[in-house]
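Below is one structure, written out as structure tokens, with a few remarks after it.
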């Protein structure tokens, strides 16, 4: 019985960050139906493998990693790419408008840079959490973030220099 209690608590963490995980899945898959399917599949994976997480502090990063991998598997199975931003339905709730605009801006970046930007600015991850979630060294995450911001500035604010101390 002791083993099921921590498992339940850890799964409750998954449920508490589910809205963020859902938005992240949408940013990868491009639509609500596929994101919901992937999140459901990720929920099952989490429930089955929750005991493999070594530290409680790493659960959040591990959950994002499960969702990212599940979304990538979903894309491979469907053998397709995310829908371009302009083909998404207009019926998105108004509170998602910011997220849609954010996705449109980062769509000009590489897939890795998109991931890092979304995790850092869209979901407020720390550098360590990002590094854990996407299995990269922290220094690489920081470097990729600087490059991503530079790319965005060159597109949206040509002629302005990046102040990387703001990140």
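The values are calculated or read from the model by the stated rules, or taken from the named source; none is laboratory data. These numbers were taken from a predicted model, which means no experiment stands behind them. Counting neighbours? That spans all protein chains shown, and the Cβs are built from the backbone with ideal geometry, glycine included.
The set of residues from the stretch 109-146 being more than 15 Å from residue 64 (Cα to Cα) and outside any helix (DSSP H, G or I) comprises 109, 110, 137. Which of the residues belonging to the stretch 132-145 are surrounded by 13 or more Cβ atoms within 10 Å (Cβ to Cβ) and either closer than 16 Å to residue 114 by Cβ or at pLDDT 90 or above (or both)? Answer for the stretch 132-145, where residues must be surrounded by 13 or more Cβ atoms within 10 Å (Cβ to Cβ) and either closer than 16 Å to residue 114 by Cβ or at pLDDT 90 or above (or both): 133, 134, 136, 138, 140, 141, 142, 143, 144, 145.
Residues that are under 22 Å from residue 26 (Cβ atoms), surrounded by 14 or more Cβ atoms within 10 Å (Cβ to Cβ) and at pLDDT 85 or above: does the stretch 117-126 have at least one? Looking through the stretch 117-126, at least one residue is under 22 Å from residue 26 (Cβ atoms), surrounded by 14 or more Cβ atoms within 10 Å (Cβ to Cβ) and at pLDDT 85 or above.
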